[in-house]
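Heads up, the thing below is written out as structure tokens.
The values are calculated or read from the model by the stated rules, or taken from the named source; none is laboratory data. Keep in mind that this is a model prediction, so the values were computed, not measured. When the accessible area is computed, the model is the full protein with side chains, heavy atoms only, and any ligands, DNA or RNA have been set aside. Shrake-Rupley method; radii C 1.70, N 1.55, O 1.52, S 1.80 Å.
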Amino acid sequence: MQSIEKSKTNVFGNFIVMEKDRIDALLPEYLDNTISEKDRIALEAHLAQSEDARKALKEMKLLFEAFKKEDIRVPSNRLRLQFEEVLQNEKNKNAAVVPLRAGKKESSWASNVLKIAASIALLVTSFQIGSVFQQKKTDGDIASLENETLRMKQTVMLSLMENQSASKRIQGVNYIEEIPNPDDAVVAALANRMLYDENDNVRLTAFEALSRFTSSDKVKEVLIQALGQEKNPSIQIAIIQVLVQIQEKKAVGPMQRLLEQEDTQPFIKEQIKTGLPKII
């Protein structure tokens, strides 16, 4: 992680203004208490000055807590209970019928029955309409919450993948399990970890994450590029196996070049010789 002196900051008078991408990278470390002392001091100074930064910190803190427990509350049956209460009151009110003259008793009884039936029909219709609108609102609220949670997860994921700690970068890569359809920014970040990360375990974890999306042409290109520059034998073997499995013909050239290189491990060459006929 870069020191705060090398980060992108601007100074106006006594105010320190940090760029948004720098804030996004530091907030997860600040919440995890892994931030350096210099960065902590600078970030807290910025938080004291920026309402937007404080809001971002609050949202990310809520997200961290949501990762531990992501239960979504289901709306109660309050509307149904209210309907049943009104219906029972209506029944009780119409049950106490005052007898009228004998000649109109049958007509009065029939009238009361019709009134009760009409009242019940009206309440049932109102309940059904209310339930439909309530369900639509609930579905919309849940969808909005899920979208916001997904957006925040991606933000945390991208921030962690830029962390100085290799374990944090691995943690960030593993958040891919929470994102069923990663966007281009997430795929690019995973590709960057796989191609250029200095830690073998981070590169391997990034490869495993990308191998879930081999239907993507972008992912295929990254795997082929990695095959041509990766030096870790375990990762090389894993890449070759995936490219053979998906029968990626564009991988034939890089594999043949590996066969021709003297420094290619013998078991790597053996793996290529076994896999090439399945592609060609």
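Some notes on this structure:
- Counting only protein heavy atoms and a probe of 1.4 Å, the accessible surface of the range 235-279 is 47% carbon and sulfur.
- Protein-only accessible surface at a 1.4 angstrom probe places the residues R203, R257, R54 in the order R257, R54, R203, largest first.
- T155 sits with roughly 30 Å² accessible to a 1.4 Å probe, with DNA, RNA and ligands left out of the calculation.
- Over 30 Å (Cα to Cα) - which of K168/K249; K168/K269; K55/K220; K20/K218 fall in this group: K168/K249; K168/K269; K55/K220
- Residue ranking by accessible heavy-atom surface, 1.4 Å probe, largest first, among D197, D52 comes out as D52, D197.
- Legend: residues E208, E51, sorted from most to least accessible area (1.4 Å probe; ligands, DNA and RNA excluded), read E51, E208.
- Accessible surface for S216 stands near 40 Å², nearest 10, in the context of the full protein assembly shown (1.4 Å probe).
- Euclidean distance of C-alpha centroids, the range 248-270 and the range 167-184, integer Å: 30
- Look at where the Cα atoms of the range 36-56 and of the range 218-244 average out, and the two centres are 41 Å apart.
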